[in-house]
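Heads up: the structure comes next, in structure tokens.
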Amino acid sequence: DDMIKAEYANICVSRWTTTRVLLTYSVFGTIVAALSVMVLAKQGANVGTVGMCLGHLSFMIMGSEGFLLQLTDAQFQFISMNRLHEYSDLPEEKAQVQENDYKYNSPVVQVSRQHMGSLEVQREGCLLKIVRVKGDGTKELVLEQMPDIQAFQPPDGKTMAILAPENPALHYTAPWHRLHAVDGVAKDAAAMAEVLCQDVPQGMVWLNIRSGWLAGGAKIVLTDLVIGYADLPNNVLNGVNLTIEARSKTAIAGATGCGKSTTILALLRMLEPRGGKVEINGVDLQTIGLLTLRRSMGLVPQDPVLFS
């Protein structure tokens, strides 16, 4: 709607300017023509010279609209260049990716079955275990089913790299990463184990690995949080301390301008803290890359966009 309003105003202003310019040229042309007739009548000037002057004047009047349009377009181009120059000097956000982000990412990794070796499924009570049969006949525990969850995790103190030590992507996992799907099979630990242990030495398998950072919910802790907008000296939040327990439903109520939206923006680091910190499950959000953080959260915008 705003674009249509601006375009309509631009068309109206252009028509108004063109009409006024053409009217001014018309008055000027009428005066010149009248003076030329008077000069011809009294002094007998050269008719060809007068006709050429009037002809050039007509060409100027006819070309005035195109000249104005080109001049206006050139002005718009200069304004666009000025805006680009201003935007190029805006302060940038913090790093999109940081060195330790692999702990919080949920990668999808393609692994060679040859690198995993010969795998077998073992049942221990209600839970499944996946072991690797070595060349000497001994067995090594690789993955074990998580209680009450249709997913597998590595043994204590290990990471997903134990599944295929020669795969470099699996080395960028943490002990809390867990296997949630194998070749598209998910939510069924027995079916996942069957696909993972298939005897296809030359095949490849896709593993959907998820971080355990937010698997049990998100406990949010604000400690002495100070937030403000851009270069404005006034702070919107001053020393806020707040704890929101995991898997809880919380509402922030208050008058307009009290900092409700500012608090939400601080969680996604749309606004960087001027003081204090924001922690989720004990992890300071300042230590996480923006891309990793925003992929881990969802935010419903306050203003409608699609059907506004």
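Of all residues in the stretch 249-275, those satisfying the criterion of being farther than 22 Å from residue 231 by Cβ and touching a helix residue (DSSP H, G or I) at 6+ places or on another chain (Cβ under 6 Å) are 252, 254. Would you check if there is a residue in the stretch 231-239 being exposed (fewer than 12 other Cβ atoms within 10 Å of the Cβ), among the hydrophobic types (A, V, I, L, M, F, W, C) and either free of Cβ contacts under 8 Å to residues at least 40 places away in the same chain or out of contact with any strand residue (DSSP E or B) (no Cβ under 8 Å at 6 or more places or on another chain) (or both)? Yes, some residue in the stretch 231-239 is exposed (fewer than 12 other Cβ atoms within 10 Å of the Cβ), among the hydrophobic types (A, V, I, L, M, F, W, C) and either free of Cβ contacts under 8 Å to residues at least 40 places away in the same chain or out of contact with any strand residue (DSSP E or B) (no Cβ under 8 Å at 6 or more places or on another chain) (or both). Number of residues in the stretch 121-142 that are farther than 27 Å from residue 211 by Cβ and assigned to a strand (DSSP E or B): the value is 3.
Within the stretch 55-75, residues that are at pLDDT 80 or above reach partners that are assigned to a helix (DSSP H, G or I) and surrounded by 13 or more Cβ atoms within 10 Å (Cβ to Cβ) with beta carbons closer than 7 Å, at six or more positions or on different chains, in the pairs 72/14.
In the stretch 235-271, which residue that is aliphatic (A, V, I, L, M) and in a loop (DSSP other than H, G, I, E, B) is farthest from residue 299 (Cα to Cα)? Full working, then the answer.
In the first step, residues of the stretch 235-271 are kept if they are aliphatic (A, V, I, L, M); the result is 236-237, 240, 242, 244, 246, 251-253, 255, 264-268, 270-271.
Still in the running and in a loop (DSSP other than H, G, I, E, B): 246, 251-253, 255, 268, 270-271.
On the way: 246: 17, 251: 14, 252: 15, 253: 17, 255: 21, 268: 9, 270: 12, 271: 15 Å.
The residue in question is 255.
Every residue in the stretch 143-168 that is part of a strand (DSSP E or B) and either closer than 12 Å to residue 116 by Cα or not assigned by the TED database to the domain that holds residue 179 (or both), please.
Within the stretch 143-168, the subset part of a strand (DSSP E or B) is 143-145, 152-153.
Within the stretch 143-168, just 143 meets the criteria.
Only one of 150, 145 is touching a Phe, Trp or Tyr at 6+ places or on another chain (Cβ under 6 Å) and either touching a residue at least 24 places away in the same chain (Cβ under 8 Å) or closer than 21 Å to residue 215 by Cα (or both). Can you tell me which? First the steps, then the outcome.
Numbers: 150 fails: touching a Phe, Trp or Tyr at 6+ places or on another chain (Cβ under 6 Å).
When all the criteria are applied, what remains is 145.
Mind checking which helices (runs of 4 or more DSSP H) fall wholly inside the stretch 1-120 and carry at least 3 residues that are surrounded by 10 or more Cβ atoms within 10 Å (Cβ to Cβ) and acidic (Asp, Glu)?
Passing ranges: none, list empty.
Among the residues of the stretch 107-137, those that are more than 27 Å from residue 148 (Cα to Cα) and of a type in the set (Lys, Arg) comprise 113, 134.
The values are calculated or read from the model by the stated rules, or taken from the named source; none is laboratory data. Values in this document were obtained by computation on a predicted structure and should not be read as measured data. So basically every Cβ, Gly included, is an ideal-geometry build from the backbone, and we count neighbours across all protein chains shown.
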